[in-house]
Amino acid sequence: MTGRTRTFVIASLVSFCFSSCSESPIPRPKGYQRINIPEASFSQVDLDCGLSLEKPQYSSVELIKSEKSGDACWFNLKFDRFNARLHCTQVEVHDNLYDLMEDAQDMVFSHDIKANGISRIRISEDEHGTNGVLYHLGGPVATPLQFFVTDSSDYFVRGSLYFNHKPNADSTAPVVRRLLSDVEHVMRSISWEQRGL
């Protein structure tokens with residue numbers, strides 16, 4: 001063995017000894033970016049269809065115009081920060097309140113196959129004369145929050161929250177918790193005091 005080869009073999013053995021003393025690699029789960037949740041703050045909005053509500057400050061209102069809408073009023077609360085929209089529809093009640101409530105409930109329970117569970121928050125606001133239900137669907141569902149609110153005589157509002165990306169219940173959990181609270185506030189603030197405008 002030449003001196004050069006001997007030096008290379010010794011250096012390789014020393015290097016192997018030092019590298020074998022380190023800990024074994026451990027597989028790590030995927031990480032997700034940190035989500036900054038804004039402070040709770042709301043502002044009053046009066047829509048053209050006579051509906052008033054308090055929306056979160058970090059959201060914006062999108063009015064959806066359509067010639068097919070009839071007596072319906074379609075609007076979204078857009079949450080750019082969370083890449084999500086709360087799609088809302090207001091319709092007039094014409095002796096069909098029971099059917100509207102059944103349709104809203106059917107929409108919720110159509111996600112029962114994917115949902116880990118469905119919880120309900122009942123809303124009753126004497127000040128505005130409104131009642132409704134907020135549904136929280138757990139698990140990998142397309143819409144984790146759905147609701148309806150009505151004054152039981154003239155108007156019925158239904159809403160569904162959708163993310164603009166594939167839902168991952170683990171990564172969106174803090175956002176859904178916050179939006180659950182904010183949507184409940186929106187529901188409690190709905191009124192039709194601006195009727196006829």
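Quick look at the numbers
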item: Ascending count of other beta-carbon atoms within 10 Å, so fewest first, for 89, 150; result: 89, 150
item: Out-of-range pairs (alpha-carbon distance over 19 Å; input 78/166; 114/166; 55/114); result: 55/114
item: ³J(HN,Hα) computed for each position of the range 132-148 - Karplus, 6.51 cos²θ - 1.76 cosθ + 1.60, integer Hz, glycine/proline x; result: x, 9, 9, 9, 10, 9, x, x, x, 9, 5, 9, x, 10, 9, 7, 9
item: Cα centroid separation - the range 79-107 against the range 134-177, whole Å; result: 10 Å
item: For the range 44-189: rounded, prolate or oblate by the Cα gyration tensor [a/c cutoff 1.5]; result: prolate
item: Per-residue Cβ neighbour rank within 10 angstrom, fewest leading, 134, 180; result: 180, 134
item: Residue order, fewest to most beta carbons within 10 Å, for 62, 125; result: 62, 125
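Just so you know, all these numbers are worked out from the coordinates, no wet-lab data involved. Because the structure is a prediction, the values reported are computed rather than measured. Glycine gets a Cβ as well: all are built from the backbone with ideal geometry, and neighbour counts include every protein chain shown.
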